[in-house]
């Protein structure tokens, strides 16, 4: 999966939250969700406030996916455990993050090099701490793709979109929690600056738990890219977990 390199877990966010007087970032985030965080707009695991009609009109399949299907992906125990391992979040925190209206903001963007991005990793603006972008080309592909949860091909496409959310969500979660498994993350460090690639680590861990228990952390065991380039690992995973995933996405 192609994305902009995310610089989560570097300590920069912790420094920012100390400056803002909110060292417990995850606690502060969910306080905003429950209305306990004072004024300002609350980040939510949905579309930006006032734009739901735009997404419902232009990307109805994605809109339905985010609202009705994505929250159930944590019923896949391997997805859930991988997200916990890479971000350091507890089960309750992950459940909150994947509940519609409780996680980061999703919005579309244009890019010729990335399927998605965790916005803060690119801008380092505090306003982007809870924002995830999804490439318009990916959204347009998803609208036309087979999404039948009773077929392997449909499940593969649905699970690929879930994998994008897990990948970018892992960058987000790692950035605000900064407590993931270093035994895995250290194997996914960018050779230039040594910062872990949390999204790739999440993908590895999910397939490692699900169908490749003897696999060692390292590049290659991932979801691939959308369309005709979805990886054999994702397809193998879907075939093995077909009944579980069919129940999740139905």
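Note that the stretch 147-206 shows a convex hull volume over its alpha carbon atoms of 92 Å³ per residue. When the alpha carbon gyration tensor of the stretch 139-250 is reduced to an equivalent ellipsoid, its three semi-axes come out at 26, 15, 13 angstrom, largest first.
Each of residue 99 and residue 215 was given a label point 7 Å from its Cα along the Cα-to-Cβ line. The distance between the two points is 3.1 nm. Note on 172, 219: ascending count of other Cβ atoms within 10 Å places them as 219, 172, the fewest first. Zone of residue 152 (label point 7 Å along Cα→Cβ, backbone N under 14 Å): which residues in the stretch 220-239? In the stretch 220-239, the label zone of residue 152 (backbone N under 14 Å from the point 7 Å along Cα→Cβ) covers 231-239. With a 10 Å Cβ neighbour count serving as the proxy for reagent exposure, in which order, fewest first, do 98, 159, 65 appear? Taking fewest neighbouring Cβ atoms as first place, the list is 65, 98, 159. Direction-averaged projected area, Cα convex hull, the stretch 44-140: 6.6 nm², rounded to one decimal. Compactness ratio for the stretch 12-249: Cα radius of gyration over 2.2 N^0.38 Å (N = residue count) comes to 0.97.
With only alpha-carbon atoms in the gyration tensor, what are the semi-axes of the equivalent ellipsoid for the stretch 118-160, in Å, largest first?
On the way: eigenvalues 186, 22, 8 Å².
For the stretch 118-160, the semi-axes come out at 30, 10, 6 Å.
Counted over the stretch 12-249, the DSSP beta bridges are approximately 50% antiparallel. Convex hull volume of the Cα atoms of the stretch 91-141, normalised per residue: 102 Å³.
Taken together, the values in this text are just the output of simple stated rules run on the coordinates, not laboratory data. Predicted model only: the values in this text are computed from it and were never measured. Cβ: placed from backbone, ideal geometry, glycine included. Neighbour counts: every protein chain shown.
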